[in-house]
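Accompanying notes for the structure given below.
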Amino acid sequence: MNENLTAAVQLHLAGHLTQAEEIYQALLDSPNVSSDTFYMYGLLKLHQGSEEGVGFIKKAIKAAPKNAKPYINLSLYYKEKEKFDDALNVLKACVDNCGESAVVLLEIIGILKHEKRDLESIECYLKLVVLEPNNAIVFYNMGNVYKELLDFKAAEIAYVKAIKLKSFFPEAYMNLGLCLDSQQKLEEAVEAFDMSNTQRPNHLNTLRYLADVYFRKGLVAESFAYATRALSIQKDDYFALNCLMRCKYQLRLLDEALQLCNQLLVVDQNDISVLVRKGAILCKTGSIVDGLTILKNVCEPQLNRDIEELNLSYLSYALFEIMVYYKEGVDKRIEIIFQKSVELFGSESAKKFVLGLFAISRFFEKNLDFDNAFKWMDLANDAHRRTYSYSSNSTKKSIERLINLFPKTAFENKNVGCQATAPIFIVGMPRSGTTLIEQILSSHSLIKGCGELGTMRTLCDAFQSEHELEGFDKWSHLLESLGSDYISHVQKRFGSGVYLVDKMPENFLYLGFIATALPQAKIIHCKRSPLETCISIYKQKFVGDHFYAYTLKELGEYYLLYQDMMAYWSSMLEERIYHLEYESIVENTEEEVAQLLEYCGLKYEPSCLQFYENKNVVYTASAHQVKQPLYKQSLKISESFGEHFAPLKQALKLNK
């Protein structure tokens with residue numbers, strides 16, 4: 001750069017544009033004008049608002065095509081004028097002539113982002129990470145683009161790389177959590193959200209996501225806590241209020257949940273997620289007509305829309321709740337709703353919404369069309385089974401390991417463990433009558449029903465991970481604290497009733513821990529015909545990890561594992577387990593109830609026979625059934641389905 005050009009540039013940068021322009025013009029009149037002169041004069045004219053500057057910068061590019069600066073500044077001018085195609089063309093020419101550089105690629109990415117051309121921006125990011133392999137921000141931003149493209153696996157990889165390069169990166173952890181959640185990796189998502197929350201405490205979005213993902217994991221207490229924290233930051237936050245409403249629903253605080261529904265509907269009266277939940281709450285609290293009306297009002301407009309406009313998730317939920325409380329032949333609106341649903345859910349795009357498929361199966365069954373009922377039931381189970389991996393052999397090994405922890409000697413000393421007498425555990429397979437027995441027992445004046453609690457499973461799993469369980473005598477002294485922790489958790493939530501009923505059926509897996517950590521606890525084992533139990537299971541979409549339940553073969557295999565495990569516990573615990581046949585209590589209710597209360601050490605109360613009047617809220621698939629007197633039609637469901645369940649009979653080894 002000659003002395004005159006240097007002087008002009010200094011004047012230019014100092015803001016003395018008129019003086020600088022005079023020197024630039026003199027230089028332009030001289031022979032052999034340099035690229036720098038064209039470039040700097042072009043910039044000056046652009047600063048003055050003159051389009052003339054564009055021509056001079058183009059001359060600079062022509063004179064020195066390997067110099068990236070004129071390209072970049074010309075592209076910035078075009079961006080300012082919102083001429084994004086022109087800006088992009090200039091930058092691409094820069095890459096062609098000057099080669100790829102991080103600065104130019106970032107400029108291209110910025111324009112592509114503005115133009116929502118995400119696929120092209122990904123191509124640029126893939127080049128950029130080669131040039132900037134240690135730049136965490138580049139990987140983070142690339143992850144954001146992948147996330148926008150719904151390529152969650154690629155986004156996950158980018159965020160993980162960003163975090164490796166920059167360990168304190170709460171934004172990356174939060175977005176990683178969202179991508180993991182979208183891939184159904186809930187455990188990993190929780191870890192990512194937790195790390196984001198650790199690095200950036202009390203960030204509203206992170207607390208929202210933690211509340212939501214913990215709820216979907218079934219950890220309602222944790223979800224409740226995070227939703228409450230989010231509301232402490234923003235008291236009217238809609239997302240957090242919605243999550244809190246769902247928590248209160250699960251915690252049986254239905255009056256409070258209903259209040260929150262009404263509060264949310266003031267903000268958005270058309271929120272289908274809240275309307276469906278409100279309808280379900282009203283049904284569960286006895287206002288069935290009002291609840292069904294809301295659910296029907298949700299379904300009808302949905303079913304008149306194009307499938308791309310539907311909220312199929314909540315439509316499925318609404319259909320399912322309707323079928324819990326609907327009595328066949330009494331409501332033409334419901335019949336029309338389900339006739340339209342059959343057409344809708346027959347499409348491939350709707351088949352993944354399995355609650356809707358199960359609801360349609362129930363509709364056909366209630367109308368005695370068992371062939372179609374089985375068809376839709378099978379579709380529903382198959383659709384859900386495709387969403388996860390499961391191995392019967394792994395389950396078998398887990399059960400064998402639990403059994404091997406507890407030899408015969410483990411149960412000989414009843415002075416080991418917490419001596420609380422309050423707990424009553426009802427165990428067995430799902431759909432074996434556990435809800436019915438809870439309703440009967442909780443109708444007694446001294447018994448409080450707590451529903452299906454995951455507390456024992458959570459505590460036992462943590463206990464096994466924290467301690468080396470080799471040789472029962474070496475760790476039996478720890479069982480008292482396990483039992484005490486269980487009592488503390490349950491009483492904190494439900495109060496200190498004389499007797500507290502935990503009807504989590506799968507607690508049969510943990511009877512070794514229950515019998516030794518709480519040796520005074522009552523254990524009631526509900527049994528039902530293997531075939532009827534499994535058919536009833538196959539008709540349901542469960543909440544939680546019932547991975548065995550969605551093929552007839554795996555269901556039968558699991559039932560046999562359950563039978564073997566209960567045979568072992570029964571041989572070890574003998575009379576400490578009270579075995580109750582579902583068929584017997586249906587056929588001979590009064591006598592069976594009297595014997596059951598005697599086992600629990602309680603006097604007979606006639607109210608236990610009016611269990612269907614119990615105000616205890618039920619959340620299981622038996623919600624409507626246990627609010628009615630016992631009926632015998634449920635004893636032989638299998639006969640109505642003919643040979644459809646032949647593969648199940650084979651898996652249960654009932655054909656031998």
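The values are calculated or read from the model by the stated rules, or taken from the named source; none is laboratory data. Note that the structure is predicted; figures quoted are calculated from it, not measured. Here the Cβ is made from the backbone with ideal geometry for all residues, glycine too, and neighbour counts use every protein chain on show. Calculation scope for accessible area: heavy atoms of the full protein, side chains included, ligands and nucleic acids excluded. Shrake-Rupley method; radii C 1.70, N 1.55, O 1.52, S 1.80 Å.
Give the range of the longest stretch in the chain that excludes all chymotrypsin sites (Phe, Trp or Tyr not before Pro) found in loop regions by DSSP and having at most 13 other beta-carbon atoms within 10 Å. Walk me through the intermediate numbers first.
Details: sites that count: F168, Y388, Y631.
Of all site-free stretches, the longest is 389-630.
Please get the size of the charge dipole for region 1-144, origin at its Cα centre, with Cβ charges of +1 on Lys and Arg and -1 on Asp and Glu, quoted in debye to the nearest 20. Don't jump to the answer; show the numbers that get you there.
Numbers: 14 positive and 19 negative charges, 40 e Å.
Result for region 1-144 is approximately 200 debye, rounded to the nearest 20.
How much length is gained on full extension from E587 to T228, taking 0.36 nm per residue of separation minus their Cα-Cα distance? Numbers along the way, then the final one.
On the way: separation 359, 0.36 × 359 = 129.24 nm, distance 4.76 nm.
Difference between extended and current length: 124.5 nm.
Round to the nearest 10 and report in Å² the accessible area of S465, as given by a 1.4 Å probe over the protein chains' heavy atoms.
Near enough 100 Å² of accessible area.
Show the residues, 5+ positions off or on another chain, whose built amide H is closer than 5 Å to the amide H of M504.
I426, L453
Give the residue list of GluC sites (Glu not before Pro) in region 1-107 that are DSSP loop and have at most 10 other beta-carbon atoms within 10 angstrom. Each step should come with its number before you reach the end.
Working: sites: E3, E21, E22, E51, E52, E80, E82, E100, E107; in loops: E51, E82, E100.
Answer in residue order: E51, E82.
Across region 588-594, in residue order, what do the Karplus-derived ³J(HN,Hα) couplings come to in whole Hz, using 6.51 cos²θ - 1.76 cosθ + 1.60 with θ = phi - 60° and x for Gly and Pro?
9, 4, 4, 5, 5, 5, 4
Can you compute log10 of I(q)/I(0) for region 61-183 with the Debye formula, treating each Cα as one identical point scatterer, at q = 0.14 Å⁻¹?
Scattering profile of region 61-183, log10 relative to I(0): -0.63.
Taking 45 Å as R0, compute the FRET efficiency from the Cβ-Cβ separation of D371 and N134 and round it to 0.05. Display every interim value, and only then the final one.
Details: r = 63 Å, r/R0 = 1.41.
After rounding to 0.05, the efficiency reads 0.10.
Calculate how steeply helix 35-47 sits against the longest principal axis of the alpha-carbon atoms of the chain, using the helix alpha-carbon long axis, and give the answer as 0 to 90 degrees to the nearest 10.
Compared with the principal axis, the helix lies near 70 degrees.
Just how large is the dipole of region 402-499 about the Cα centre, in debye to the nearest 20, putting +1 at every Lys and Arg Cβ and -1 at every Asp and Glu Cβ? Please list the in-between numbers first.
Numbers: 8 positive and 10 negative charges, 85 e Å.
Computed charge dipole of region 402-499: roughly 400 debye.
Dipole of region 1-152 (Lys/Arg Cβ +1, Asp/Glu Cβ -1, origin at the Cα centre): which of V9, A26, N134 lies farthest to the positive side?
N134
How much accessible surface does S445 have with a 1.4 Å probe, in Å² rounded to 10?
Here the residue's solvent-accessible area equals roughly 90 Å².
From the cross-link list K161/K235; K352/K539; K185/K503; K503/K539; K352/K396, which pairs have alpha carbons spaced over 26 Å apart?
K161/K235; K185/K503; K352/K396
So which trypsin sites (Lys or Arg not before Pro) in region 63-141 pass both tests, a DSSP loop state and at most 14 other Cβ atoms within 10 Å of the Cβ?
Details: sites: K66, K79, K81, K83, K92, K113, K116, R117, K127; in loops: K66, K81, K83, K116, R117.
Those satisfying the criteria are K66, K81, K83, K116.
At a threshold of 8 angstrom on Cα-Cα distance, excluding pairs fewer than six apart, so keeping six or more, what relative contact order does region 78-124 reach in percent? Don't skip to the answer; put the middle values down first.
On the way: 24 pairs, mean separation 13.6, N = 47.
Over region 78-124, the number comes to 29 percent.
Please report the carbon-and-sulfur percent of the accessible area for region 405-514; probe 1.4 Å, protein heavy atoms only, DNA, RNA and ligands left out. Could the numbers behind the result be given before it?
Numbers: 2100 of 4320 Å².
Carbon plus sulfur share of accessible area: 49 percent.
To the nearest 10 Å², what's H525's accessible area with a 1.4 Å probe?
Surface open to solvent at H525 totals about 10 Å².
How would region 273-362 be classified by its alpha-carbon gyration tensor: rounded, prolate or oblate, with rounded meaning a/c under 1.5 and the a/b versus b/c comparison settling the rest? Write down the numbers at each step before the final one.
Values: a/c = 1.78, a/b = 1.49, b/c = 1.19.
Taking the square roots of the gyration eigenvalues as a ≥ b ≥ c, region 273-362 is prolate.
For R333, R401, what's the largest-to-smallest order of accessible area, 1.4 Å probe?
On the way: R333 85, R401 125 Å².
Correct descending sequence by accessible area is R401, R333.
Considering only protein heavy atoms, what per residue accessible area in square angstrom results for the chain with a 1.4 angstrom probe? Before the final figure, lay out each step's value.
Working: 30890 Å² over 656 residues.
Computed with neighbouring chains in place, this is 47 Å² per residue.
Quantify, in whole percent, the carbon and sulfur part of the accessible surface of region 251-396 (1.4 Å probe; protein heavy atoms only). List each step's numbers first, then the result.
On the way: 3350 of 6930 Å².
Heavy-atom surface of region 251-396 belonging to carbon and sulfur, 1.4 Å probe: 48 percent.
Checking the a/c ratio against 1.5 first, then a/b against b/c, what shape does the Cα gyration tensor give for the chain?
Values: a/c = 2.86, a/b = 2.26, b/c = 1.27.
It comes out prolate by the Cα gyration axes.
On a straight-distance basis, which lysines could pair with K81 in a cross-link, Cα separation under 22 angstrom, same-chain partners fewer than 8 positions away excluded?
Cross-link targets: K45, K58, K59, K69, K92, K113, K116.
Starting from the amide H of Y578, placed 1.01 Å from N in the peptide plane, find each other amide H under 5 Å away whose residue is 5 or more places distant or on another chain.
Close amide H contacts, sequence-distant or interchain: I523, I524, H525.
If you plug each phi of region 88-95 into the Karplus form 6.51 cos²θ - 1.76 cosθ + 1.60 with θ = phi - 60°, what whole-Hz ³J(HN,Hα) values come out, in order, with x for Gly and Pro?
5, 5, 4, 5, 5, 5, 4, 4
Using the charge dipole of the chain (Lys, Arg: +1 at Cβ; Asp, Glu: -1 at Cβ; taken about the Cα centre), state which of I437, C247, Y125 has its Cα farthest towards the positive end.
I437
Tilt of helix 204-216 relative to the longest C-alpha principal axis of the chain, in degrees (0 to 90, nearest 10)?
Rounded to the nearest ten degrees, it is 30.
For helix 332-345, report the angle its Cα long axis makes with the longest principal axis of the Cα atoms of the chain; keep it between 0 and 90° and round to the nearest 10°.
So the helix axis and the longest Cα principal axis differ by about 50 degrees.
Whole-Hz Karplus ³J(HN,Hα) for region 532-538, in order, using 6.51 cos²θ - 1.76 cosθ + 1.60 and θ = phi - 60°, x for Gly and Pro?
Karplus values, whole Hz, x for Gly and Pro: 5, 4, 5, 5, 4, 5, 5.
At 1.4 Å probe size, with the rest of the protein present, what percent of the exposed accessible area of region 1-114 is carbon and sulfur atoms?
On the way: 3090 of 6180 Å².
The value for region 1-114 is 50 percent carbon and sulfur by accessible area.
Give me the dipole magnitude in Debye, nearest 20, for the chain about the Cα centre, with unit charges on the beta carbon: positive for Lys and Arg, negative for Asp and Glu.
Dipole size: approximately 560 debye.
To one decimal place, what Kirkwood hydrodynamic radius in Å is obtained for region 313-394 from all pairs of distinct Cα atoms?
On the way: mean 1/r = 0.0763 Å⁻¹.
Hydrodynamic radius (Kirkwood, Cα pairs) of region 313-394 is 13.1 Å.
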